[in-house]
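> Let me begin by handing over the structure; questions about it come next.
Taken together, the values in this text are just the output of simple stated rules run on the coordinates, not laboratory data. Remember, it's a predicted structure, so these values are computed and weren't measured experimentally. Backbone-built Cβ (ideal geometry, glycine too); neighbour counts: all protein chains shown.
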Amino acid sequence: MRYNHLNITERELLMIHLMQGLSLCKIAKLLGRNKSTISRELARNKGEYLPSKAQAHYKRRRKKCRPHKLLENPELFALVKKLFLGCQWSPEQIANRLKLENYPIQISYKTIYRARMFDTPEQKRSEGNRGARRKLRHHGKPRRPKGYVSNRGKIPISHELSARPVAANNRESGLMTLVDRKSRFLLAAPLSRLGSKEVKTAMIEATAPHDNP
């Protein structure tokens with residue numbers, strides 16, 4: 001069962017019930033809490049019980065007990081930032097070097113990759129949208145396996161030039177095309193010869209089924 005700490009509203013009600021002279025059992029029942037929870041709350045805040053003061057003490061305790069991020073250490077952060085931004089070491093190099101030199105605080109390369117130094121407004125202004133990620137060996141781009149060939153922006157070739165008809169090589173044949181600029185509707189017809197007569201005939205035949213009655 002998940003335990004929820006007292007909130008400021010419950011602390012204010014606790015103070016009111018204490019002023020009313022109610023017992024801990026009665027207060028716990030009214031707040032829907034265990035008697036031990038109320039007892040511990042009063043033990044932590046001895047003397048006159050003040051909700052705002054008790055809430056402030058609670059927040060300080062929570063801040064102390066939460067796990068701290070390694071790069072919140074100023075000395076470690078300064079060293080990692082110097083090696084990464086100044087010397088352009090990769091996160092893997094930094095992590096392995098700290099381990100090799102038995103640095104008091106060890107850090108993994110994954111933690112460095114996730115570090116907030118990559119996304120600070122100052123770095124983004126100086127390095128672009130990807131911020132300090134441009135300092136990475138791959139400039140913040142995903143790594144590709146060796147021999148990877150990108151097909152982005154490339155049009156696949158469906159027919160080789162060697163398979164082209166002889167008539168096309170001699171420019172003896174062609175293709176008549178009519179495209180409506182607005183609708184992009186296309187009419188096309190093959191031409192046996194590239195002459196004005198053949199083009200005219202192909203145009204008439206292609207548009208005939210679409211003529212208005």
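> State, to one decimal in nm, how far the label point of R193 lies from the label point of R181, with both points 7 Å from Cα in the Cβ direction.
3.3 nm
> Give the peptides 77-89, 149-161 in descending order of average Cβ contacts within 10 Å, highest first.
In descending order of packing, they fall as 77-89, 149-161.
> Something else now. Classify the stretch 8-65 from the C-alpha gyration tensor, please: rounded if a/c falls under 1.5, else prolate or oblate depending on whether a/b exceeds b/c.
Prolate, since a/c reaches 1.5 and a/b exceeds b/c.
> For Q20 paired with I204, estimate the spin-label separation in nm (one decimal), with each label point 7 Å from Cα along the Cα-to-Cβ line.
So the label points at Q20 and I204 sit 10.3 nm apart.
> Whose amide H sits under 5 Å from the amide H of M176, counting only residues 5 or more places off or on another chain, with H placed in the peptide plane?
Correct list: A189, L191.
> Now for a different question. Take E101 and Q55, extend 7 Å from each Cα along the Cα→Cβ direction, and tell me the distance between the two endpoints in nm.
4.7 nm
> Among K29/K59; K59/K110; K26/K46; K59/K82; K82/K110, which pairs are too far apart, with a Cα-Cα distance over 27 Å?
K59/K110; K59/K82
> Hey, with R₀ at 35 Å, roughly what FRET efficiency would D211 and S173 work out to, going by the Cβ-Cβ distance, to 0.05?
The formula returns an efficiency of 0.85 here.
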